[in-house]
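The values are calculated or read from the model by the stated rules, or taken from the named source; none is laboratory data. Keep in mind that what you see is a predicted model, and the values were worked out from it rather than measured. Because the Cβ atoms are built from the backbone with ideal geometry, glycine has one as well, and the counts that use them run over all protein chains shown. Keep in mind that these areas ignore ligands, DNA and RNA; they rest on the heavy atoms of the full protein, side chains included. Shrake-Rupley method; radii C 1.70, N 1.55, O 1.52, S 1.80 Å.
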Amino acid sequence: MSSTLEEQLKSVEVKQAVEKTEEAPVRVQKLDKLGRAYGTGRRKGSVARVWLKPGNGEVIVNGKPVLKYFTRSVLQTIVMQPFTISNRAGRYDVWCTVSGGGLSGQAGAVRHGISRALADYEPDLRSVLKPAGMMTRDSRTVERKKFGLMKARRSFQFSKR
């Protein structure tokens, strides 16, 4: 009976040792030579390369201000979501290049890139951005067209005569 008790104690000690080694990794700030944080964002067919540095809140997308590039207010809101969620609006300048896809996919890609760059600049913000879904890459893309069909799933119209 004492041997089973000793075995149980050993197994508990082993479990505690494993739990200590499996703690969350300590995140460190990642900056380039110019003091900027970099993040790559993707959404649908779009890819955004985002650089973030302390500043007064200026956001430049493909050489244009965000209000000129994304004219719809919904897209502007999507791009600024990481800053509003983390209460960092107006503290960082963002410079990004985005290509591929349409405007909606590009706005989502810029948002994803900003979130990643923010998490690299301030590692503590990851715990705020991740539960809000900002760090997750939205993997939904357009389904490919199949042969013998008009579109991905739409078939040709049937006519008896």
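The table below gives the values:
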quantity	calculated
Candidate set: region 37-59, residues that are of a type in the set (Gly, Ala, Ser) and under 12 Å from the mean Cα position of the chain (by Cα); chosen: the one nearest to LEU103 (Cα to Cα)	ALA48
Residues that are open to solvent by less than 50 Å² (accessible area, probe 1.4 Å), within 20 Å of GLY63 (Cβ to Cβ) and of a type outside the set (A, V, I, L, M), drawn from region 109-154	GLY113
Candidates GLY101, GLY113, filtered to the one that is in contact (Cβ under 8 Å) with a residue 24 or more places away in the chain and in a helix (DSSP H, G or I)	GLY113
Residue in region 34-42 that is at pLDDT 85 or above, under 17 Å from TRP95 (Cα atoms) and exposed (fewer than 11 other Cβ atoms within 10 Å of the Cβ) present	yes
Restricting region 74-98 to residues that are assigned to a helix (DSSP H, G or I) and not polar (S, T, N, Q), the residue that is surrounded by the fewest Cβ atoms within 10 Å (Cβ to Cβ)	VAL74
Pick from region 43-64, criterion hydrophobic (A, V, I, L, M, F, W, C) and out of contact with any Gly (no Cβ under 9 Å at 6 or more places or on another chain), ranking: most open to solvent (accessible area, probe 1.4 Å)	ILE60
Sole exception among (1) more than 13 Å from the chain's Cα centre (by Cα); (2) in contact (Cβ under 8 Å) with a residue 60 or more places away in the chain for ARG137, by number	(1)
SER155 vs. criteria over 18 Å from GLY45 (Cα atoms) and hydroxyl-bearing (Ser, Thr, Tyr)	yes
Check on LEU67, loosely packed, with under 14 Cβ neighbours inside 10 Å and either at pLDDT below 90 or over 15 Å from the mean Cα position of the chain (by Cα) (or both)	yes
Meets criteria (touching a residue at least 60 places away in the same chain (Cβ under 8 Å), of a type in the set (Asp, Glu) and more than 18 Å from GLN29 (Cα to Cα)) for ASP120	no
